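One structure is given below, encoded as structure tokens.
The values are calculated or read from the model by the stated rules, or taken from the named source; none is laboratory data. Small disclaimer: the values here were computed from a predicted structure and weren't measured. Backbone-built Cβ (ideal geometry, glycine too); neighbour counts: all protein chains shown.
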Amino acid sequence: MDALKRAMQSPAQRSFRLSRGTSRSSALPGLVAFLIAGLALSASSFAAGSAAAGQAKAVPCSACHGMDGNSLNPEWPSLAGQHESYILKALKSFKSGERQNPLMSGMAMPLTDEDMADLAAYFSQQKLSGKAADPALVASGERLYRGGNKNTGVPACLACHGPTGQGNPAAGWPSIAGQQANYAAAQLVAYRSKQRATDGDTQMMRNVASALTDDEIKAVTSYIQGLR
């Protein structure tokens, strides 16, 4: 318990303790214990669903997202291969009203926790179909995705979503590789206008999107669509 308490101290408190002679190596076990405890809590709060049950429940979803999670309409997102935890979070956000959409809000409202877990399990196990980027936008889109825009303070997208757009499920960052460019662009515009605020207190996506121009959004989402 003492190690856990030490790990939960603020950086300033830890720095003060270290300056009084406690070595950094002695603080490491406490930090590890704290991280393990946090991971255990996160794991216990996420109940994996049944992909088999989710397949049967996915029939109504197929009209927009495709039965295998590959949307044929560029306005609607593909769900195939998306992180299970992220799909579950999105469904819960629509159900609670945190995230608003005329179609999805109504679809999510009657879903139980089990339904949402099953759907998330099913779609996460589907294979995403490859798409192509607009050749005219590849260079500018790749430059922004990989290097950001230092002049306007836009960070590189790969910092969170990875070099191939696979995201980071542990951190809650979605896979965006192969996502419909029109849909991805609409989400960036929604973040930019503050209409979408599912990035929490950090406002990470709202801050990033606020510095993006329409041309940058068009280029980077086209590039993302071509990632595999």
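Within region 81-111, the set of residues being of a type in the set (Asp, Glu) and surrounded by fewer than 16 Cβ atoms within 10 Å (Cβ to Cβ) comprises GLU98 only.
Filtering region 199-228 to residues that are among the β-branched types (Val, Ile, Thr) and either on the phi > 0 side of the Ramachandran plot or free of Cβ contacts under 8 Å to residues at least 60 places away in the same chain (or both) leaves THR202, VAL208, THR213, ILE217. The set of residues from region 115-136 being of a type in the set (Asp, Glu) and touching a Lys or Arg at 6+ places or on another chain (Cβ under 8 Å) comprises ASP115, ASP118.
Condition first: surrounded by fewer than 17 Cβ atoms within 10 Å (Cβ to Cβ) and in contact (Cβ under 8 Å) with a residue 24 or more places away in the chain. Now tell me which residues in region 126-141 satisfy that. If the condition is that a residue be surrounded by fewer than 17 Cβ atoms within 10 Å (Cβ to Cβ) and in contact (Cβ under 8 Å) with a residue 24 or more places away in the chain, then LYS127, SER129, GLY130, ALA132, ASP134, VAL138, SER140 are the ones that fit. Taking region 187-219 as the range and being β-branched (Val, Ile, Thr), part of a helix (DSSP H, G or I) and either more than 24 Å from GLY97 (Cα to Cα) or not assigned by TED's automatic domain parsing to the domain that holds GLU142 (or both) as the test, only ILE217 passes. Comparison of ILE176, ILE224, ILE217 shows that the only residue that is more than 25 Å from GLN126 (Cα to Cα) and crowded, with 21+ Cβ neighbours inside 10 Å is ILE217.
Out of ALA139, ALA156, ALA80, ALA133, I need the residue that is assigned to a helix (DSSP H, G or I) and among the aliphatic types (A, V, I, L, M). Which one?
On the way: ALA156 fails: assigned to a helix (DSSP H, G or I); ALA80 fails: assigned to a helix (DSSP H, G or I); ALA133 fails: assigned to a helix (DSSP H, G or I).
After applying the criteria, what remains is ALA139.
Being of a type in the set (D, E, K, R) and surrounded by 14 or more Cβ atoms within 10 Å (Cβ to Cβ) is the filter; apply it to region 179-203 and report the residue that is farthest from GLU84 (Cα to Cα). Out of the qualifying residues, it is ARG192. Evaluating GLY162 against the criteria (1) more than 15 Å from the chain's Cα centre (by Cα); (2) surrounded by 15 or more Cβ atoms within 10 Å (Cβ to Cβ) leaves one unmet condition, (1).
Quick one: would you say ILE224 is of a type in the set (Val, Ile, Thr), at pLDDT 95 or above and in a loop (DSSP other than H, G, I, E, B)? When the stated conditions are applied, ILE224 does not pass them. Does ALA184 fit the bill of being part of a loop (DSSP other than H, G, I, E, B) and either more than 15 Å from PRO77 (Cβ to Cβ) or outside the structural domain of ILE87 (by TED's automatic domain parsing) (or both)? Spelling it out, it is not the case that ALA184 is part of a loop (DSSP other than H, G, I, E, B) and either more than 15 Å from PRO77 (Cβ to Cβ) or outside the structural domain of ILE87 (by TED's automatic domain parsing) (or both).
For region 53-65, taking the residues that are out of contact with any helix residue (DSSP H, G or I) (no Cβ under 8 Å at 6 or more places or on another chain) and in a helix (DSSP H, G or I), the one that is nearest to GLU114 (Cα to Cα) is identified as ALA56. When ASP68, ASP118 are checked against the criterion of being part of a helix (DSSP H, G or I) and either surrounded by fewer than 18 Cβ atoms within 10 Å (Cβ to Cβ) or touching a residue at least 40 places away in the same chain (Cβ under 8 Å) (or both), ASP118 stands alone in meeting it. Does region 162-173 contain any residue that is part of a helix (DSSP H, G or I) and more than 15 Å from THR213 (Cβ to Cβ)? Among the residues of region 162-173, not one is part of a helix (DSSP H, G or I) and more than 15 Å from THR213 (Cβ to Cβ), which makes the answer no.
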